[in-house]
Structure formats: structure tokens, C-alpha cells
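These notes concern the structure reproduced below.
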Amino acid sequence: MNSPIVSAQRVSKRFDKFQALTDVSIDVEKGEVVCIVGPSGSGKTTFLRCINQLESIDGGSLWVDGELAGYRVEADVVHRLPDKEIARQRHLTGMVFQRFNLFPHRTALENIIEGPIHVLRQPRREALDMAQGLLARVGLAAKAGSYPSELSGGQQQRVAIARALAMKPKLMLFDEPTSALDAELVGEVLAVMKDVAATGMTMVVVTHELNFAREVADKVVFMSEGRVIETGSPDRVLTNPEEARTRSFLSAVLSGNSEAA
Amino acid sequence: MSIVAIDIAQMKRAKPRHYGRWLGALVLLLCLGYLVYAFAVGKIDWGTVGNYLFHPRILWAVGMTIFLSVVSMTIGVIIGTFTALGRSSRNPVISSIAAFYTWLFRGAPILLQLLIWYNLALIFPVIGIPGIWEADTVRIMSPLAAALIAFSLHEGAYTSEVIRSGLLSVDAGQHEAAKSIGMSYGLAFRRIIGPQALRIVIPPLSNEFIGLLKMSALASVIGFLELTGTAQDIYYVNTKIMEMLFVATAWYLVVVSMFSLGQFWLERRLARGFVYGGKHG
Ligand SMILES: Nc1ncnc2c1ncn2[C@@H]1O[C@H](COP(=O)(O)OP(=O)(O)OP(=O)(O)O)[C@@H](O)[C@H]1O
Ligand SMILES: [Mg+2]
């Protein structure tokens with residue numbers, strides 16, 4: 001039997017008094033591309049951060065690659081995993097951030113080999129070869145020696161994607177990877193993401209790029225106020241939504257005003 | 001005035017006249033000239049200054065001043081780093097100990113700390129772990145040992161705040177990016193956070209170090225043979241007070257200049273990947 005890569009079972013998460021996620025249930029099958037859309041503050045980023053354990057969940061359960069994320073259950077008692085175990089679970093998942101978060105004191109190439117050499121303990125030669133290959137794949141073979149401050153936003157984000165791929169993750173998470181970019185740079189990043197999707201990578205993408213979702217997603221999840229409102233094929237959710245909230249969000253996005261949704 | 005299509009590139013350009021600069025330079029030169037004159041005719045025996053500049057006792061004292069400062073600063077920065085990390089620990093015991101340490105050793109005057117360590121034998125005649133290793137405090141607490149302990153702990157407390165602000169200046173996104181590629185806290189600190197914080201803390205730490213170089217003169221009160229104390233010891237005998245003070249001052253300036261060059265080099269190295277700050281005016 002083929003179990004899903006990510007299985008969120010009624011996940012809840014609160015910050016102090018604020019309930020950020022309520023009963024979120026989402027399954028992501030191997031090789032699937034799932035796009036999460038929804039208004040600002042609906043908990044999309046928080047959900048991604050829970051998958052990658054940058055936040056810990058308070059309720060329900062979250063399974064990543066068949067393992068309970070962040071916890072161990074023994075005789076009906078829940079134990080928090082030690083930091084070392086969490087770090088191990090975490091590198092099954094690659095994360096691409098809205099603001100790139102490249103390491104500014106390292107060149108593009110050094111950003112990519114950092115994890116393979118120091119976390120995966122690959123030989124340097126091997127890591128360098130792989131990194132060169134990845135840079136070529138994201139169209140930046142000529143920029144290996146450039147520092148992030150010398151790259152455009154779109155180029156930085158493509159390096160960040162290569163850096164995540166270098167860890168050979170089973171799952172890639174993207175948190176609004178193009179929303180910090182000038183309009184003319186969005187396309188180059190989306191093209192790289194499509195290329196990654198085409199290799200069969202399992203991906204969870206938070207995005208406001210509805211055309212990308214239509215074209216690439218196998219499944220679209222619409223979230224609002226910390227809950228999953230509806231889930232289905234791009235066509236079902238983005239073209240013929242059942243819920244009123246989805247419809248009002250979509251019309252707001254199409255009129256170019258996602259914040260008001 | 002009516003608009004005419006002139007091209008300023010084709011025209012003669014008036015030279016700007018910096019009257020202010022010229023006047024300032026003139027006044028400065030006059031002052032400097034007077035100062036040189038004053039020192040030349042003053043009752044200063046320049047021959048003695050020259051004779052003692054490379055006197056073995058002075059050279060030894062310069063070495064001791066550098067040794068005390070470098071070793072104390074090194075130990076201080078190590079203590080300061082752990083204290084800074086401790087301050088932001090989730091463990092309340094660790095963060096309280098770190099805060100208490102900083103409060104105590106930053107608050108007590110360094111002169112008193114020196115005297116207290118040096119006179120420790122008055123309250124603890126024997127130190128060590130009973131039954132395993134013990135020693136007479138008087139023998140262990142030499143002037144060098146007392147000065148090293150006092151300055152290291154003092155610098156540890158001061159630099160911990162500098163290092164803490166350096167760590168806080170690194171963007172939270174850097175911690176998350178490091179975690180997301182599976183780095184442990186220690187690895188992320190060594191490879192990602194530390195080097196970026198280092199760039200921020202080099203200027204204030206260099207300042208701290210230059211302060212320490214000069215503050216080390218206080219160790220003369222417990223009989224440690226550093227530069228200022230040695231100069232004094234010599235002028236007590238030969239009565240050339242100003243001459244010996246000039247010798248010591250010259251050496252402090254030389255040592256500070258050497259370390260400033262080192263700082264310049266280090267800053268250039270750590271600036272890789274960051275855009276330089278520009279000059280103004
Ligand atoms: N660390 C935190 N502490 C307190 N509240 C938080 C924290 N992180 C997020 N929140 C709150 O949780 C809610 C969900 O935030 P989240 O960032 O997941 O939204 P989002 O759907 O990603 O929005 P956007 O489209 O603007 O990125 C918001 O109301 C936010 O204020
Ligand atoms: Mg978000």
C-alpha cells in the first residue's frame with residue numbers, strides 16, 4: 001500500500017490566544033503537486049511551517065513520510081522528539097521561502113553545497129559536481145561565484161530552490177515563492193518550479209498565482225481563517241467552487257485585490 | 001533670465017575656492033608648529049626617551065601588556081559567546097546564571113576585582129577539590145594569574161553584550177533556512193549565524209580590545225610588570241618622569257596601530273558578500 005507523503009489529520013495550532021489552524025486535514029500523495037490558496041492570515045504559511053517543524057502543532061497529528069512529525073507515541077503517552085531527531089526528520093523536506101533567505105556570506109555555489117557537505121556529509125567533490133548540475137538546471141551556471149547581493153530576486157529564488165533540491169528531499173514546500181518578486185521575474189521562477197514538478201517531485205505550494213495552480217496542481221486546497229474550506233481538482237476549486245467564501249476570494253484575486261478577500 | 005541652449009561641457013569651468021579649508025589648514029599648522037617648538041625647548045631630555053625606547057625592561061613590559069590583553073580578550077570572548085548564547089537559552093536556569101554573571105562582573109569596578117583576586121588567600125588559604133587536588137592560594141595567585149582571571153571575567157561580561165547584539169542582528173530567516181536544510185543548532189551557529197554576527201561585532205570588539213590594552217595598566221597595582229607600571233618603576237629611580245611616560249605612550253600607540261591594521265584586514269575579509277558602506281561629504 002502506498003501511504004501519502006504528508007498526512008495532516010485534524011491539525012490545530014494556536015499562538016497564545018490566537019487559533020491559527022483548526023482541524024486542518026490534508027493528504028499529499030507521492031508525486032502530487034498541491035497548491036494552497038486563501039486570503040492573508042488564513043494560516044497557509046503556518047501550515048507549511050508545521051510540516052517542516054519550524055512550528056509545532058498542538059492538536060491532531062501530522063505525518064510526514066510515514067513518521068509522526070516531532071513526536072513519539074509510547075503506550076498512549078506523547079513524547080517530544082529530541083532536537084537531533086527533529087533535524088533528521090526536517091531534511092526530508094526542502095523549503096523555499098518568500099524572502100529567499102539565502103546565506104549572504106556564501107556564494108550561490110556555496111549556498112547549495114552547505115547542506116550536502118555539512119549535514120549529509122557528502123564528499124566535497126561530489127557535492128560540487130551536483131551543485132554545478134543544479135545551478136545549470138535552474139539556468140544559473142554562470143552565477144556560481146556570485147554572492148546573493150549580486151543576484152536579482154528571481155535569480156536568488158532559483159538558487160534557493162537549487163539549495164533545497166541539493167538535500168535530495170522527498171517533499172518540497174514553497175511559501176509564496178514569487179510574491180516578493182517584480183512582475184517580470186515571476187515567470188522565470190515559476191518555470192523552474194514547473195520543471196521540478198515535471199520530475200515527479202512531491203510539492204506543496206502556497207501561491208497567489210492561480211494560473212500556475214491551474215496548470216501544475218493536481219489538487220488545490222482553499223483555506224480561510226485557519227480552516228480548510230474546500231479541496232479538489234484545480235478545475236473544481238478554482239473554476240466551479242462550491243463555497244461562497246472561495247468564490248468571493250477568487251473574484252477578489254481576479255480583480256487584483258487579494259488583501260481584501 | 002531667459003532660457004538659452006548652452007552646453008556647460010563646452011564652457012570654461014570656474015575653480016571652486018576652498019577658503020575655509022586653507023584657513024583651517026593654516027591655523028592647524030601654526031598650532032602644530034608651536035607645539036613642536038614647545039616640546040623642543042621644554043625641559044625634556046629626548047636622549048633619555050631614545051635610550052629607554054628599546055630598553056630590555058620596557059620591551060619585556062610591552063610583551064607582558066600584549067600577552068595579558070590578548071589572552072584575557074581571547075578567554076573573555078569565549079566566555080562572552082557562551083554567556084550570550086546562555087542569555088537566549090530556553091532553560092531558565094542557564095539564562096539566569098548568564099544574566100547574573102554579566103550583572104556582577106560588569107558592575108564591580110575592575111580595580112577592585114584585581115585586588116580581590118590577588119588577595120583571595122586572605123579568605124581562602126587553600127583552594128582546590130578537597131581530597132583530590134589542593135594548593136596554597138598564595139602560591140597559585142601570582143600577579144599574572146590574578147590579572148588574567150580578573151580581566152578575562154571582566155571582558156567576558158562586557159563582550160557578552162556585544163556578542164548578544166551581534167547575534168540578534170542576524171535575520172530570523174537565516175535560522176529558519178539553516179534549520180530547513182537539516183542543520184542542528186550548533187552547526188547553524190558555527191556555519192551560518194556565527195560568521196554573520198562576527199562581521200557585526202568586529203568593530204565594537206576591537207574597541208573593547210583597545211580599551212583593555214590600556215586598562216591592563218591597572219594590573220600594576222598588584223605588582224604585575226606591564227608597561228605603565230614598569231615606566232613608573234624606572235622613573236622612581238632615574239627621576240625622568242615625563243621621558244618615561246612618553247616612552248610608554250609611544251609604545252601604546254604603536255601596539256594600538258598594529259591591532260587596528262589587523263582589524264582593518266579582518267573587516268575586509270568578513271565583508272565578502274555584503275555591500276560596502278559608502279563615504280559621505
Ligand atoms: N509566531 C506567531 N505568533 C502569533 N501569531 C502568529 C504567528 N505566526 C502567525 N500568526 C498569526 O496566524 C495567522 C496565520 O498566519 P499565516 O502567516 O499562516 O497566514 P498566511 O495564510 O500565510 O497569510 P499570508 O497570505 O499573508 O502570508 C495570522 O493571523 C498571523 O497573525
Ligand atoms: Mg504566508
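The values are calculated or read from the model by the stated rules, or taken from the named source; none is laboratory data. Computed from a predicted structure; not experimentally measured. All Cβ positions, glycine included, derive from the backbone under ideal geometry; neighbour counts span all protein chains shown. We work out accessible area using only protein heavy atoms, side chains counted, and drop any ligands, DNA or RNA first. Shrake-Rupley method; radii C 1.70, N 1.55, O 1.52, S 1.80 Å.
Within the option set B:Ile202, B:Ile193, being within 28 Å of A:Ile86 (Cβ to Cβ) and either within 7 Å of another protein chain (Cβ to nearest Cβ) or hydrophobic (A, V, I, L, M, F, W, C) (or both) holds for one residue only, B:Ile193. Name the residues in the stretch B:59-100 that are under 21 Å from the mean Cα position of the chain (by Cα) and more than 20 Å from B:Ala145 (Cα to Cα), would you? Those that are under 21 Å from the mean Cα position of the chain (by Cα) and more than 20 Å from B:Ala145 (Cα to Cα): B:Leu59, B:Thr81, B:Phe82, B:Thr83, B:Ala84.
Among residues of the stretch A:120-132 that are under 17 Å from B:Ala178 (Cα atoms), those with a beta-carbon under 9 Å from a residue that is open to solvent by 70 Å² or more (accessible area, probe 1.4 Å) and outside any helix (DSSP H, G or I) at least six positions away or on a different chain give the pairs A:Leu120/A:Lys168.
Rundown of residues vs (1) away from chain A (no Cβ under 14 Å); (2) within 12 Å of the chain's Cα centre (by Cα), yes/no style:
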position	(1), (2)
B:Lys214	yes, yes
B:Val247	yes, no
B:Ala250	yes, no
B:Leu270	no, no
B:Gly273	no, no
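Candidates in the stretch A:20-43 are the residues that are among the small types (Gly, Ala, Ser) and not in a loop (DSSP other than H, G, I, E, B); of these, the one that is nearest to ligand 1 (Cβ to nearest atom) is A:Ala20. Reported count of residues in the stretch B:194-245, each being touching a residue at least 12 places away in the same chain (Cβ under 8 Å), of a type in the set (Val, Ile, Thr) and open to solvent by 30 Å² or more (accessible area, probe 1.4 Å), is 4. I need the full set of residues from the stretch A:88-101 which are open to solvent by less than 10 Å² (accessible area, probe 1.4 Å) and more than 16 Å from ligand 2 (Cβ to nearest atom), in order please. Within the stretch A:88-101, A:Thr93, A:Gly94 meet the criteria. Residues that are surrounded by fewer than 22 Cβ atoms within 10 Å (Cβ to Cβ) and among the aliphatic types (A, V, I, L, M) within the stretch A:35-70 comprise A:Leu54, A:Leu68, listed in sequence order. Out of A:Ile36, A:Ile5, one residue alone is under 21 Å from A:Val216 (Cβ atoms), modelled with pLDDT under 95 and among the β-branched types (Val, Ile, Thr). It is A:Ile5.
When A:Leu190, A:Leu181, A:Leu185 are checked against the criterion of being in contact (Cβ under 8 Å) with a residue 24 or more places away in the chain and either away from ligand 2 (no atom under 16 Å from the Cβ) or within 14 Å of chain B (Cβ to nearest Cβ) (or both), A:Leu185 stands alone in meeting it.
With respect to the conditions (1) within 18 Å of A:Thr207 (Cα to Cα); (2) more than 9 Å from ligand 1 (Cβ to nearest atom); (3) in contact (Cβ under 8 Å) with a residue 60 or more places away in the chain, A:Cys50 lacks only one, and its number is (3). Of all residues in the stretch A:203-231, those that are on the phi < 0 side of the Ramachandran plot have Cβ atoms under 7 Å from Cβ atoms of residues that are within 16 Å of ligand 2 (Cβ to nearest atom) and of a type in the set (Lys, Arg), 6 or more apart or on another chain, in A:Val206/A:Lys44; A:Met223/A:Lys44.
For the stretch A:211-227, a tally of residues being closer than 18 Å to A:Phe174 by Cα and crowded, with 18+ Cβ neighbours inside 10 Å returns 9.
One residue stands out among those in the stretch A:84-100 that are part of a loop (DSSP other than H, G, I, E, B) and under 18 Å from A:Val119 (Cα atoms): the one that is farthest from the other protein chains (Cβ to nearest Cβ), which is A:Leu92. What do you reckon, is B:Arg164 open to solvent by 40 Å² or more (accessible area, probe 1.4 Å), charged (D, E, K, R) and within 11 Å of another protein chain (Cβ to nearest Cβ)? So B:Arg164 does not fit the description; no. Which of the residues that make up the stretch A:193-229 are assigned to a helix (DSSP H, G or I) and touching a strand residue (DSSP E or B) at 6+ places or on another chain (Cβ under 8 Å)? Residues satisfying the conditions are A:Met193, A:Val196, A:Ala197, A:Leu210, A:Phe212, A:Ala213, A:Val216.
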